[in-house]
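Each remark here refers to the structure printed beneath this line.
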């Protein structure tokens with residue numbers, strides 16, 4: 001199967017699942033008795049979409065001995081990992097609503113690598129230390145993506161509750177306290193992974209990249225994101241931060257993290273046309 005067809009199939013599967021969940025979860029008489037969690041057939045369908053997306057990513061990232069990884073692939077891989085983590089986590093916790101945000105975005109971003117061909121080649125692709133560094137970074141990105149989507153969903157639900165009306169769209173969501181507990185669990189794990197990513201970048205920069213750690217835009221935004229999430233977790237622990245304060249800090253930290261790599265690569269590859 002050609003590369004374009006693999007990406008198109010992945011996008012179609014995500015879009016189809018998004019439309020299905022919209023029909024069965026968020027509109028019509030069924031809202032009077034919302035279903036809980038994913039059904040077995042729904043898990044299988046999502047797993048098929050994830051496998052198709054994984055094959056598409058594998059085909060576009062690995063080109064013989066060369067490994068491509070720019071902003072378009074990063075976004076695509078980030079949402080693949082986020083949905084994979086959602087699929088795993090949904091066995092243990094109710095995460096209703098996230099699929100309505102993540103699936104349409106995944107359908108768009110899984111097409112991005114074929115719409116914006118990658119020119120950035122990873123020069124340390126064969127290094128085990130570099131691959132571990134990259135995997136840790138992508139896991140952190142993906143968990144923070146889930147946390148950001150979860151925070152957006154909580155913000156919408158909280159706004160409707162304060163207005164004294166809960167729309168049918170939000171009728172099947174878990175209680176806000178349950179959602180908040182899940183949000184901070186995601187942030188704690190993602191923060192630990194982000195810390196490992198930064199430490200590996202600081203202490204093994206010369207071994208990984210052949211030069212000392214550069215204090216560039218990517219490093220500045222990554223450190224800024226780390227500081228924002230550290231402040232959020234400290235505020236949660238010592239000041240009991242919750243609600244809108246926690247949501248705003250979560251989204252601010254995610255935006256800074258997104259700018260660290262994806263934003264930097266977008267400027268270099270698309271705006272400035274500099275692949276290196």
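The values are calculated or read from the model by the stated rules, or taken from the named source; none is laboratory data. The model shown is predicted, which means the values in this text are computed figures rather than measured ones. All Cβ positions, glycine included, derive from the backbone under ideal geometry; neighbour counts span all protein chains shown.
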Would you confirm, using the coordinates I've provided, whether residue 193 is modelled with pLDDT of 80 or more, crowded, with 17+ Cβ neighbours inside 10 Å, in contact with a helix residue (DSSP H, G or I) (Cβ under 8 Å, 6 or more places away or on another chain) and in a helix (DSSP H, G or I)?
yes
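Matching residues to (1) over 19 Å from residue 250 (Cα atoms); (2) at pLDDT 90 or above:
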site: 98; (1), (2): no, no
site: 114; (1), (2): yes, no
site: 118; (1), (2): yes, no
site: 132; (1), (2): yes, no
site: 135; (1), (2): yes, no
site: 164; (1), (2): yes, no
site: 173; (1), (2): yes, no
site: 184; (1), (2): no, yes
Within segment 200-241, count every residue that is assigned to a loop (DSSP other than H, G, I, E, B) and modelled with pLDDT of 85 or more.
2
Going through 107, 151 one at a time, which residue ends up being in a helix (DSSP H, G or I), touching a residue at least 60 places away in the same chain (Cβ under 8 Å), in contact with a helix residue (DSSP H, G or I) (Cβ under 7 Å, 6 or more places away or on another chain) and under 28 Å from residue 195 (Cβ atoms)?
151
The correct count of residues that are part of a helix (DSSP H, G or I) and either at positive phi or at pLDDT 90 or above (or both) in segment 21-50 is 10
